[in-house]
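One structure below.
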Amino acid sequence: MNSTTELPRLQLRRNEDRRIRHGHQWVYSNEVDIAATALKPFAPGAQALLVAASGRALGVAFVNPHSLICARLLDRCATAALGREFLRERLEAALALRERLYDRPFYRLVYGDSDGLPGLIVDRYGAVLVVQIGTAGMEVLLEDVVALLVERLAPAGILLRNDASVRTMEQLPLYTRVAWGEVPDLLELCENGARFLVAAGSGQKTGWFYDHRESRARVAALARGRRVLDVFSYVGGWGVQAALGGASAVCCIDSSQAALELAARNAELNGVADRLTLRCGNAFDELQALSAAGERFDVVVLDPPAFIKRRRDQKSGESAYHRLNRAAMELLADDAILVSASCSMHLPEQSLLDIVRGAAHHAGRRLQILGFAGQASDHPVHPAIPETRYLKTLIARVQR
Ligand code: SAH
């Protein structure tokens, strides 16, 4: 932008630059030397030159004095405020990756810090883009983001799903609105050859979870001729693809009637409605009811919402994962596949493995891990930011 404008400085306390120098991009408010550079005068979303205690420049960052993560590094080389040209370069790089990965325009186009765009998520549903902004700094650049997306991709519509609770941590208002063109109530996408309709404005997150794409394909390939249970099915992402893969029967469980109605429509859209049954209710109760009725499945997919949203939920969240995996064990046929996922950033893969191992042990079953899976490549992991690797998926064989 304007290279002559000098940026205000934000200085870290001694040794607090270590994590940043190792590649992380977040600064916590207790790491700032507020005697040298107060946080308070910064407007939320303003940019600053981040400097170490020695005075050495670390790069340009977004600042939000109201947030626990009070600064997010944008660029290590820049010394002046970043705007449209910076966004253009990063968006172009993000697009180049996805165009290399996928031949159809259905994917996560921008994944925040991992794409060097802190607080920006863009999911692409063909001609419609759904954007989520999670930092005050990105909110300031919102008009530029929309203008660049319009210029580069000529979408029919752009929807802002700025209703995620993470925004409250940045003291940003919650809202959903169309930022460009027209956005229909239902968006259509294609994944692994299956078609899906999702609710743009009222569905979970941006409407669809592209992160499980690769694992869903893997599970569909294991489903031929088998009975499949899709727990926390939402609109049928796993179940419908398993049915297309040749599953003999698929049961979807979710507590949302609206999600299940879309799952039924999606089954119809893919010509597999005759093999899909739906159960609306609390997953824990439904699993117990199925077990009591003597039902057994050859493949069970557990893909719950994050049970550990914050550190303080660690204990109760882990206990919910334990209960869920134990309940699933009761429903597995003698030689079955269990897919156990967790999108809780705070649950390490090793803990999920311990939970599944514990559940198998408790049920007296033998366990073989067939795969440790995670996010599809359109959700790249930033090697220095473990928080970007939130999704863990164990694919296991469970034998009697
Ligand atoms: N498996 C889905 C994503 C799951 S999102 C996919 O691959 O697309 C989480 C889902 O869990 C939501 O649809 C939500 O309605 C449902 N849910 C949340 N709590 C639940 C509960 N206690 N019992 C059943 N469903 C629940």
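Within straight-line reach of residue 205, meaning a Cα separation under 28 Å, sit the following lysines at least 8 residues removed in sequence or on another chain: 309, 315, 392.
Evaluated with a Cβ-only charge set (Lys, Arg +1; Asp, Glu -1), the stretch 9-75 carries a dipole of roughly 120 debye about its Cα centre, given to the nearest 20. In plain terms, the residue of 77, 70 with the fewest other Cβ atoms within 10 Å comes first and the most crowded comes last, giving 77, 70. Estimated from helical segments only, the mean residue ellipticity of the chain at 222 nm is -8500 deg cm²/dmol, where each DSSP H run of four or more residues counts as -39500 (n - 2.57). With the charge dipole of the stretch 59-184 set up from +1 on Lys and Arg Cβ and -1 on Asp and Glu Cβ about the Cα centre, the Cα lying farthest toward the positive end among the listed residues 137, 154, 111 is that of 111.
Residue separation of residue 101 and residue 292 scaled by 0.36 nm, minus their Cα-Cα distance, works out to 64.3 nm of gained length.
In straight-distance terms, cross-link reach from residue 40 covers every one of the aspartates and glutamates whose alpha-carbon lies under 15 Å from its own, apart from those fewer than eight places away in the same chain; here that gives 31, 170.
The trypsin sites (Lys or Arg not before Pro) of the stretch 210-268 that DSSP puts in a loop, and whose beta carbon has at most 14 other beta carbons within 10 Å, are 224. Arranged from fewest to most other beta-carbon atoms within 10 Å of their beta carbon, 329, 138, 345, 169 become 169, 345, 329, 138.
Sites listed here are GluC sites (Glu not before Pro) in the stretch 166-254 whose DSSP assignment is loop and whose Cβ has at most 14 other Cβ atoms within 10 Å: 182. Full extension of the chain between residue 362 and residue 257 gives 34.5 nm of extra length, using 0.36 nm per residue less the Cα-Cα distance. Here r is the Cβ-Cβ distance between residue 334 and residue 221 and R0 is 35 Å; the resulting FRET efficiency, rounded to 0.05, is 0.95. Find the centroid of the Cα atoms in the stretch 224-288 and in the stretch 14-93, then give the distance between the two in whole Å. If you average the Cα positions of each part, the centres end up 45 Å apart. When 392, 309 are arranged by Cβ crowding within 10 Å, least crowded first, meaning fewest neighbours, the order is 309, 392.
Among the trypsin sites (Lys or Arg not before Pro) found in the stretch 35-115, those both in a DSSP coil and sparsely packed, with 13 or fewer other Cβ atoms within 10 Å of their Cβ, are 56. Using only side-chain charges placed at the Cβ, +1 for Lys and Arg and -1 for Asp and Glu, the dipole size of the stretch 84-184 relative to its Cα centre rounds to 240 debye.
For the chain, the dipole from Cβ point charges (+1 on Lys and Arg, -1 on Asp and Glu) about the Cα centre works out to 1080 debye, to the nearest 20. Which residues in the stretch 243-259 place their backbone N less than 19 Å from a point set 7 Å from the Cα of residue 192 along the Cα-to-Cβ direction? Answer for this model: 243-254.
FYI, it's all coordinate maths here, none of it is from the lab. On a predicted model such as this, the values are computed, not experimentally measured, just so you know. Glycine also receives a Cβ, built like all others from the backbone with ideal geometry; neighbour counts cover every protein chain displayed.
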